[in-house]
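First up is the structure itself, then whatever we jot down about it.
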Amino acid sequence: MKNLRYIKLLITIGIVSVLFTACKKVEPSTAIDAKAALTNPADIYTATIGNYSELRDPDYTRSGHFLMEYPTDDIAQGQPSSDDLSRCYRYATQIPTGAHATAFWKKAYHLIFAANQIIGAIPDNATADLKLLKGENLYLRAMADFNLVRIFGRPYTQGSGSNPGIPLITDGNQSNGAPARSSVKDVYTSVIADLLKAADLMTIASTATPKSDIFASKEVAYALLSRVYLYMNDNANAIKYADLVINSGRYTLLQGSAYQGYFSAAPEDNAETIFCIRHTKTQDQGFSAIGSMYYSGLGPDGTSSLTTPGGQGNTGWGEVYASQTYVQDLDKYPADLRHSFIAPYTINGVLQLNKKLTPNTPMYYITKYSFQEGIVTLSSPVYLRLAEMYLNKAEANAKLGNSQLALDGVNVIRTRAGIPTLGLGDVGATGVLGAVLQERRMEFAFEGQRAYDLFRNNLPLVRNYPGTHSLNNVPTTNIMQTVLPTDPRVVFYIPQTEISINPKLTQNP
Amino acid sequence: MIRIYKQPLTVFSKEALPAELRSGISVKVRTFAGIFGLLLTVFTAAAQTGGDKHPVSGIVKDETNETAVGVSVRIKHSSAGVVTDVNGRYSINAANSDTLQFTYIGLQTTDRAVGSQRVINVTMKSKSSAISEVVVVGYTSKQVSQLSSSVSVISGDKLRDVTSNDVASLLQGKAPGVVVSSGSGDPTSSSSILIRGASSINASTSPLIVVDGNIGGTYNASDVESITVLKDAAATGLYGSRAANGVIIITTKMGKAGQTRIDVSSTVGVNTKTTGNFHLMNSQQLYDYQKTFETVVPSDLDHNTNWFDLAFRKGITQNHTLSASGGSEKTQYYISGNYYNEQGTLIDNSNRNYNFRTNVTTKLNDKLKLSVLLNTIYNQQTYPTDNLLYDAYLNLPYDPAYNADGTPTDGRTYPGWQGRDKENPLQALQYNFSNSRAITTNGDLNLDYSITKHLTFGTYNRITLLNDKYISYSDVRTKAGGANSGELYNQDDYSSTLLTSNRLKYDNSFGEHNLTLLAVGEGQSYHFDNALLNGKGLPPGRPVMSTASDIISNPSGGTDDYNFRKYLGQADYNYAGKYFVVGSYVHEYSSRFGSSNPSGNFFQAGASWILTKESFMSNITPISFLKLRASYGTTGNAEIGNYQALGLYSIDQSANYGGVPGAYPTQKENPNLTWEKIKTANIGLDFGLFKRIDVSVDVYQKTSSALLFQVPLPATEGYDYEFENIGSVRNRGLEVNITSRNLVGAFKWETNLNLALNRNKVLSLESGETMASPGASQPVAVGHDINDWYMPIWAGVNPANGDPQWEQLVTDANGKVTKQLTNSYANATRQFTGNSSSPKLTGGITNTFSYKGFSLSTFFNFVYGNKVYNDSRAYFDNDGLYDSYNAMVAPSGWTRWTKPGDIATEPKAVQGGNNNSNQQSTRYLENGSYLRLRNATFGYQLPTSWINSLKIRSARIFVSGDNLVTFTKFSGVDPEVDLSPPPNGPGNRVAGGTSSFKYPISRKLLFGINVGF
């Protein structure tokens, strides 16, 4: 029968198609097999790039910024926000379930884990190219550890690092179980060991061009070493590594209009930046950018310039401003070039006020995180720059009693800013260290340094200007907030989700 | 209740057909048009047979005295036959010794001896009892009475009382143990279905959808003939790895032999938002409230804008269907077109759907049957933009919506705008839009071949193609588009699913022994790809990519694939239609699992016994039917997304840095990852009383093990989680379905009640672990319901100072735990609240009253015993924290602390917030029980005498209301929440039971007419 033949054919086709259509191996299109990810130098290079990319994840860059900068007196939050960033600013309202501490902790450890994979995959006697990559990953691990310990562990100078720090993960193994917190001291020791080794490994031929400031290099490791030693009050080493950076000849302080446009130029072209976290034009975070909280441009009609300050909600939230006390200090010298980093929002020459609080908060927009390559909310946050090396030296010298050397460093920065230099007779009641810290404040405002500068030197943080910190007070018109270096909230709570999974983690009081 | 009838088997033999048709069979039918040609031939052919016998004629009617069209009349033990015409008339040549056999789908087969009669008029009785109806169960169809499984069937008509295009939404409250829930009144949103409780932690809990006999496929509500819900393992088991959450079988309509029916139905109505117990403050109320804790100025009262009302509108729902169906005993067809357009109550939100379906079945010859099912759906959806819903809740009444000249204000530039978001969505809605279009095409080509009398082979093949495009545009003149000088986002998605299912079936009877054997081989492969573009710098009002001057982010796109392969065998045996046994075995492979364990094996067994067929039952007359059922079996769950077993480094755009491509670790490998295994035991009892009341009762236990579980890892492990097969969850429950014909005279009253209890318990997790997600508000803890709430317990307001208070459990040195109160949220102890988001009881009740042509039906559904976390209260009930958001009006019974000694429910209002009082706690955990009049329909069937002169077969007009009344204590707009939301990304469990900025459901008032020709 003719039909039977067709049927046999059909059955055969049916069975064969079942067998074969479903046997094809499937693979994801946007991921590769982990087992094959680190098998050759090219792949290790790609994976190292991937580790840098973790830095620009908002969980690291943005949440990290809120954790490191919002507790300072550089800024004033003009109105309560539903975002956890409010708690970072106000201290008193912090909770163990804070979103930014949770996000940063997770991302920083993921970066450490990823770096460990590469560190473990490259022997110390590998080729120079591979050693360079290993050094870069050691740097990334050290930087993540350092930021974690300064956010979650008490200042090193309190109890010489004996307080609980963070868990140290230096092993590339797949499972580290449930690690306990190492002491602050142990973390610093590990950070220093990593950075020293990194500097050692990141040796390149004198004829070769070093990697740009968006990657780690020997000088980047030295620069962070200078900061780490400064935090430990190891002033000699702070000076030593600052000098290694300064004397490397790779960096120069930007001058004049170049300095005023520091944060709007393409990051790789910046001669002062030692290390920044590169965000390209297509990695703009828009209203979720760091700069969105600090600045809102004019131009809802699409024709006005975005570089002219405008009302809230145009290009950003514009809810966090330079503090009134910071601006008052800046205004002591109208010629101070650092006026370029704030942009008071005025209408017809009248400074606008955010009226959500009483007294009202003046709207001094901040521009250090805006306008890179002409995009209003784009920035590549700067982590290390040459000016810090001068002021690290200055602080270390001040503590070593080398007052003139300290002021020399300060004056390099003041001269560049276009304001008068200081002599020993000018320093006043706070002494040379006070002058150094004041200059650090003026120079590194909004860059996540200020709170650590105060607390490691056992100084209180005083807010005496309008801002939502007044909402902690009764009555709320009292704008004074003093945070002592011994305050429990100088450090953030360990994320509740981590404590829940890892019972060995102790909570900060 | 159910109205799917088994198709009569061969009624016409080839020899019985007219010559022109016989030749038609040999025509090579290559194209669809060819099938139509054939079909038309069948129509025009006079169904007469030759012979020397004398003519016998008559009229066939059904019990309601309506003429029965298309009834097969044939001479018993012969192949000669005819069908009745549109007037129910037939004429056949028969000898005196012949017996005429009248058969018709849904009616009892009737035999009449011819004798000397020349006119034989017949009234055929309907197969009224649900027990004898045929249901589609997976790979086979069966009479309900022969099932050993727990199955619910809902007819298309019962389904469509509510007006919606979402079949899941139509299912709500219609079947016991099938919990349908939706978090939104958005007509473009879909509902979640949960059958017999959640038995998985990280994998999906949605049932498998089977359309017209094959996994997946497309369907439209208007074309649904019936829905069968398979609940226990004996029924779902054949779907193996994907059946753990139950199976929903959708059968689309097919024409009936002999009748040519043209049906037109049209429904048009108005949708309005429902607001329940919820009210936002007006300017005066907000002013008076804010005055108690901060400086307010009289100019606040210059405006009084009701943003909530401005954001909503009256929407129109339209639903029009035109269908033609019919055919001969040889070929049947159903062709339909449906247009559905529902405007959401939120401005700029709508769902428009065009659906075409053609179902054709034809017998190519006496052994070969061909079915072609084609469905094309074109769907256009528009979505609200510019945070419209969010602003509706939170914008301040102080801020005006319109300028003096009637144009919308712009929050960014309006002097003294106070709302936090500086946003008037009405300004942006003039220019911005977000929409999608989707084209779905589904084609089935099925062939059934009778190899011998007892052995058949069937091949079922399906292609499903989806192509959609999503566009979102933010104009330069608006807040959303201002910063980037206009933004445009385009996304194109494509997916194809190819499926072949090949089945060999053996069916035979040996005396009283009846045996059916089934073997199936099935393969499915899926492919997806997409492309995304994101442009900026567009001139105003030119929303096409070519006008963009730059990009926001790099173009992106990717592919996604999976494969399944399955073999199964089933044996089904019964003795004398009294004792039934069924057993099956399934072997399945999936590309989703680890290299060590890609395959799984499943088995099922069931048995049932019809006691009323035993002689000892014959004297117990009140019990018209009694059956016991029992089943046990294993099924699996593979719904965790693709590639979850692999160790992966991501190479997508998130991995590049400084313009250089990179890779970073994102997923931990687990080569042993395999199916979730679920064991289900079910015992059921079906009985009929006085031939008036049908009752089904099922008790079940469903225990899942080797759960696909994302073991959360400390961040120090480098990953968020690792997928493992760990842990066990049990669901136990009771389901009852009662259909009662209370009154059966001229005035009829029928009641259907279904209700279900389910109790869920997590039995074990990873060794030593007590919680799956310790940080979550529903942590999935051993010994608890999977949805138990875990958070600080609100201890009210301190009468002395108005502070919020929470419970704090303090353990002293001796390990003694004491409970004290704290006003510090950081010190509040997170603990079990004793409440869950899982309802204790769910169900529905339908009452239908009819008298002559009038009918009234009411359908209530209810959910009882669940707690809903009213998340958005943190924004508008926060004791002064957000003074640039509007606040809700306190429902009756809530009081605000104002002075020492006040016993209040609401803490003292403090500018900037009172001690984190709006953080997650039981303060916002509310009673989620509700009883809803989901639908009431009043209809009138026009008398035949009126309409016959118009050549109209039947006509009905009705008025219908959806969501008319809801009884609840919930303080938000509506207590319904998504109880089983789908995972948010592969394996990413989303807790159910949270209400957040709810899009209110619509109350619909509709008018409709159904006309049949």
If one compares the long axis through the Cα atoms of helix A:184-201 with the longest principal axis of the Cα atoms of chain A, the angle in degrees, nearest 10, works out at 70 degrees
Rounded to the nearest Å, the spacing of the alpha-carbon centers of the range B:323-362 and the range A:221-270 is 71 Å
Per the Cα gyration tensor, the range B:704-836 corresponds to an equivalent ellipsoid with semi-axes, largest first in Å, of 41, 27, 13
In whole Hz, the Karplus estimates of ³J(HN,Hα) for the range A:328-340 (6.51, -1.76, 1.60; θ = phi - 60°; x where Gly or Pro) are 4, 5, 5, 6, 4, 10, x, 7, 4, 4, 6, 4, 5
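Rounded to the nearest 20 Debye, what is the dipole magnitude of chain A about its Cα centre when Lys and Arg each give +1 and Asp and Glu each give -1 at the C-beta?
Values: 44 positive and 43 negative charges, 266 e Å.
Once rounded to the nearest 20, the dipole reads 1280 debye.
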Within the under-15-Å Cβ sphere about residue A:406, not counting residue A:406, Lys/Arg +1 and Asp/Glu -1 give a net charge of -4
Note on the range A:258-411: alpha-carbon gyration tensor, axes a ≥ b ≥ c; rule is a/c under 1.5 for rounded, else prolate if a/b larger than b/c, else oblate; result oblate
Taking a straight Cα-to-Cα line shorter than 29 Å from residue B:951, and setting aside same-chain lysines fewer than 8 residues away, one finds B:61, B:125, B:127, B:158, B:253, B:256, B:330, B:748, B:852
Links exceeding 29 Å between C-alpha atoms in this model, out of B:469/B:998; B:53/B:142; B:566/B:761; A:107/B:867; B:761/B:969; B:363/B:679, come to B:53/B:142; B:566/B:761; A:107/B:867; B:363/B:679
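When you count, for each residue, the other Cβ atoms within 10 Å and take the mean per peptide, how do B:83-94, A:118-129, B:332-343 rank with the highest first?
Final packing ranking: B:332-343, B:83-94, A:118-129.
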Between the residues A:409, A:144, A:235, the Cα farthest towards the positive end of the dipole of chain A, that dipole coming from +1 and -1 charges on the beta-carbon of Lys, Arg, Asp and Glu, is from A:144
Rounded to two decimals, the Debye log10 I(q)/I(0) of chain A (Cα scatterers, no solvent) at q = 0.07, 0.13 Å⁻¹ is -0.41, -1.35
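Across the residues of A:76-83, average count of Cβ atoms on other protein chains within 10 Å? Could the numbers behind the result be given before it?
Working: counts 0, 0, 0, 5, 11, 4, 10, 0.
Neighbouring Cβ atoms belonging to other protein chains average 4 per residue here.
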Partner shielding of B:663-674, taken as the mean number of other chain Cβ atoms within 10 Å, equals 5
The size of the Cβ-based charge dipole (Lys, Arg +1; Asp, Glu -1) of the range A:281-379 about the Cα centre, to the nearest 20 debye, is 140 debye
Tilt, helix B:32-44 to longest principal axis of chain B (alpha-carbon atoms), in degrees rounded to tens, equals 50 degrees
Partner shielding of B:706-714, as the mean number of partner chain Cβ atoms within 10 Å, equals 3
Computed on Cα atoms only, the convex hull of the range A:171-300 has an orientation-averaged projected area in nm² of 12.8 nm²
Once residue A:350 and residue A:240 are pulled to full extension, the length gained, defined as 0.36 nm per residue separation minus their Cα-Cα distance, is 34.8 nm
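Please find the FRET efficiency linking residue A:328 to residue A:157, where r is the Cβ-Cβ separation and R0 is fixed at 45 Å, and quote it to the nearest 0.05.
Numbers: r = 29 Å, r/R0 = 0.64.
It comes to 0.95.
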With Cα coordinates, the longest principal axis of chain A makes an angle with the long axis of helix A:386-400, in degrees rounded to 10, of 60 degrees
Quick calc, residue B:616 & residue B:63: beta-carbon distance into FRET formula, R0 35 Å, rounding 0.05, result 0.65
Summing +1 per Lys or Arg and -1 per Asp or Glu among the other residues with Cβ less than 9 Å from residue B:742's Cβ gives +2
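Give me the percent relative contact order of the range A:281-379, please, defined on Cα pairs under 8 angstrom at least 6 residues apart.
34 percent
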From DSSP H assignment alone, runs of 4+ in chain B each adding -39500 (n - 2.57), the sum over residues rounded to the nearest 500 puts [θ] at 222 nm at -1500 deg cm²/dmol
Length gained, residue B:942-residue B:402, 0.36 nm per residue minus C-alpha separation, equals 189.3 nm
Chain B, Kirkwood Rh and Cα Rg, ratio Rg/Rh at 1.00
Taking only the alpha-carbon positions of the protein assembly as shown as identical scatterers, the Debye log10 I(q)/I(0) at q = 0.05, 0.08 Å⁻¹ comes out as -0.48, -1.10
Simple SL model, points at 7 angstrom along Cα→Cβ for residue B:374 and residue A:233; separation in nm is 8.6 nm
Percent relative contact order for chain B, counting Cα pairs under 8 Å at least six residues apart, stands at 11 percent
Summed over the other residues with a beta carbon less than 11 angstrom from that of residue A:325, with K and R at +1 and D and E at -1, the charge totals -2
Each label sits 7 Å from Cα toward the beta-carbon; between residue B:291 and residue B:905 the label points are separated, in nm, by 2.4 nm
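Return a whole-number percent for the relative contact order of chain A, with Cα pairs under 8 Å and 6 or more residues apart as the contact set.
Details: 910 pairs, mean separation 92.2, N = 509.
Result for chain A is 18 percent.
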Quick calc: nm separation of the 7 Å Cα→Cβ label points for residue B:111 and residue A:193 -> 9.6 nm
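Read-outs throughout are calculated quantities, based only on the coordinates presented, and are distinct from any laboratory measurement. For clarity, every value in this text was computed on a predicted model and none was experimentally measured. FYI the Cβ positions are ideal-geometry reconstructions off the backbone, even for glycines, and counts take in every protein chain you see.
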